[in-house]
Amino acid sequence: MASLVFRSFVFLPMMFVLMVLTMSEAKTHVRITNDLPNNMDLTVHCKSREDNLGAHVLSYLDSYEFRFNPNIVGSTLFYCSMAWPSHTRYFNIYSFRRDGSCEWSKHVCLWRVTPEGPCIVKNLSNNQTVCYNWKKE
Ligand SMILES: *[C@@H]1O[C@H](CO)[C@@H](O)[C@H](O)[C@H]1NC(C)=O
Ligand SMILES: *[C@@H]1O[C@H](CO)[C@@H](O)[C@H](O)[C@H]1NC(C)=O
């Protein structure tokens, strides 16, 4: 009896620490790659309700990556402005409802930004993408 009590006192906090560690490991990544033509730079500026990630300038085929833990209620949303010479466009680059944890690409949501809209890689073995339109302003 005493050993049972002792065990639950040790094991429950240990389980809790393990759970927290696992959850903080389970970060989702978003990686955005400049796939614009003509060697144009892409300026990416992403925000969520809590975070402003600042502006990042990407040369052709350069990437910018950020990571986060989607909140437990599944409402995590990051929106970005994407700008290149004489253009500014907007897109929700991450929505838990749409993207989950991007498990099909090892939990990295891989986006390639083209002038027509951002495309997400849906299959790492053949680089198949699904393309979206920019957000209506
Ligand atoms: C991903 O691409 C590979 C190679 O073309 C194909 O065999 C596989 O079925 C694809 N997976 C999905 C989930 O579409
Ligand atoms: C997919 O795209 C990446 C980045 O452009 C490239 O490095 C990789 O070789 C491509 N893989 C395939 C299977 O085409």
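All of the numbers you see were taken from the coordinates with simple rules; none came from a lab. Not measured: the values here are computed from a predicted model. Don't worry about glycine lacking a Cβ; one is built from the backbone with ideal geometry, like all the others, and counts go over all protein chains shown.
Observations
- Hits in the stretch 81-110 (condition: within 16 Å of ligand 2 (Cβ to nearest atom) and on the phi < 0 side of the Ramachandran plot): Trp104, Ser105, Val108, Cys109, Leu110
- Applying the criterion of being farther than 20 Å from Phe66 by Cα and free of Cβ contacts under 8 Å to residues at least 24 places away in the same chain to the residues of the stretch 111-128, the residue that is farthest from ligand 2 (Cβ to nearest atom) is Glu116.
- Against the test of being away from ligand 1 (no atom under 16 Å from the Cβ) and assigned to a loop (DSSP other than H, G, I, E, B), the options Arg49, Arg112, Arg67, Arg98 yield a single qualifying residue, Arg49.
- Residue count, the stretch 108-137 (criterion: in contact with a Cys (Cβ under 7 Å, 6 or more places away or on another chain) and over 22 Å from Asn39 (Cα atoms)): 3
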